[in-house]
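What follows is a set of notes on a single structure, which appears directly below.
Where a number appears in this text, it was derived from the coordinates with a stated rule and is not lab data. Since this is a predicted model, take the numbers as computed values, not measurements. Cβ placement follows ideal geometry from the backbone for every residue including glycine, while neighbour counts extend to all protein chains displayed.
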Amino acid sequence: MSDSYKIATFGGGCFWCIETVMNRLIGVDKAISGYMGGKIANPTYKEVCSGLTGHAEVVQVHYDPDKISFNTLLSVFFSMHDPTTLNRQGADIGTQYRSVIFFQDDSQKSEAELYIKELENNGTYSNIVTEISPAETFYIAEDYHQNYYNGNRLSNSYCTVVIDPKVNKLRKAYAHLLKSE
C-alpha cells in the first residue's frame with residue numbers, strides 16, 4: 001500500500017454489499033471484508049454471526065485521498081444502506097449488521113458527524129442511528145468472504161437479490177466515480 005493511501009472503515013449490514021460497491025470506485029485500492037468493534041480477538045464468521053462477540057461486519061477501504069475524498073466515500077456508504085434501522089439491514093438482523101463508521105482520526109470523526117447532520121437537515125434521512133466510534137483492531141474475514149460478489153454473483157441468490165440492485169444504483173448515481181469494468 002502506498003504511503004498516500006488512507007483507510008476508512010464502514011459497517012452497513014452484510015460486508016459483501018459494502019465491499020462490492022467500494023471496490024468499484026476510482027481511488028479505492030482495495031476494500032477488505034472483516035470484523036471490528038467486538039470483545040474477542042480473531043473472531044470467526046460463525047462467532048460474529050452469533051451476535052455474541054460485539055463485532056460488526058465491516059469493510060476496510062484503502063483509498064487515495066487525491067483521487068476520492070472521505071466525504072465522497074461517506075456519500076456512497078450512506079446511499080447504499082439504511083442508516084435509520086438499528087442493528088438491521090433488510091433480512092440481516094443483529095448488532096453485527098449495525099450501521100457504523102470506525103474513524104481513523106479526528107478529521108474522519110468530524111466529517112462523519114457533519115455529514116450525518118447534513119443528511120438529517122436536508123431531509124434525506126431522519127433519525128440516523130449510525131454509530132461513530134474510534135477504529136479498533138481490524139480482523140480480516142475468512143478468504144471466502146473476500147471479493148464474494150464477483151466470485152458468486154451468478155450462483156448465490158443473495159448476490160442477485162440484494163447486491164445487484166446496489167451495484168445498479170451505484171452505476172446510475174455514481175457513474176463518474178466508477179473504475180472501468
Legend entry - Potential lengthening between residue 105 and residue 50 on full extension [0.36 nm per residue; Cα-Cα distance subtracted]: 16.8 nm
Legend entry - Phi to ³J(HN,Hα) by Karplus 6.51 cos²θ - 1.76 cosθ + 1.60 over segment 126-137, Hz, x for Gly, Pro: 10, 6, 5, 10, 4, 7, 10, 9, x, 4, 10, 5
Legend entry - Out-of-range pairs (alpha-carbon distance over 26 Å; input 39/179; 30/109; 6/46; 46/109; 6/117): 39/179; 6/46; 46/109
Inset, instruction - Return the long-range amide H neighbours of residue 132 (sequence gap of 5 or more, or a different chain), with a cut-off of under 5 Å between placed amide H atoms. - result: 101
Legend entry - Full-extension gain in nm, residue 30 to residue 133, via 0.36 nm per residue minus C-alpha separation: 34.9 nm
Legend entry - Phi to ³J(HN,Hα) by Karplus 6.51 cos²θ - 1.76 cosθ + 1.60 over segment 58-63, Hz, x for Gly, Pro: 10, 10, 8, 9, 9, 9
Inset, instruction - Could you work out how far apart the two model spin labels at residue 42 and residue 161 are, taking each label as a point 7 Å from the Cα in the direction of the beta carbon, and quote it in nm? - result: 3.5 nm
Legend entry - Beta bridge orientation in the chain: antiparallel %, DSSP, nearest 5: 85 percent
Inset, instruction - Enter the Cα centre distance for the pair segment 132-181 and segment 20-98, rounded to the nearest angstrom. - result: 10 Å
Legend entry - Under Karplus coefficients 6.51, -1.76 and 1.60, residue-wise ³J(HN,Hα) of segment 41-52 in Hz, glycine/proline x: 7, 6, x, 9, 4, 4, 5, 5, 4, 5, x, 8
Legend entry - Extension gain from residue 4 to residue 86, taking 0.36 nm per residue of separation minus the Cα-Cα distance: 26.1 nm
Inset, instruction - Place the peptides 45-51, 91-97 in order of packing, highest mean first, counting for every residue the other Cβ atoms within 10 Å and averaging per peptide. - result: 91-97, 45-51
Inset, instruction - Compute the relative contact order of segment 47-149 as a whole-number percentage, counting only Cα pairs closer than 8 Å that sit 6 or more residues apart in sequence. - result: 27 percent
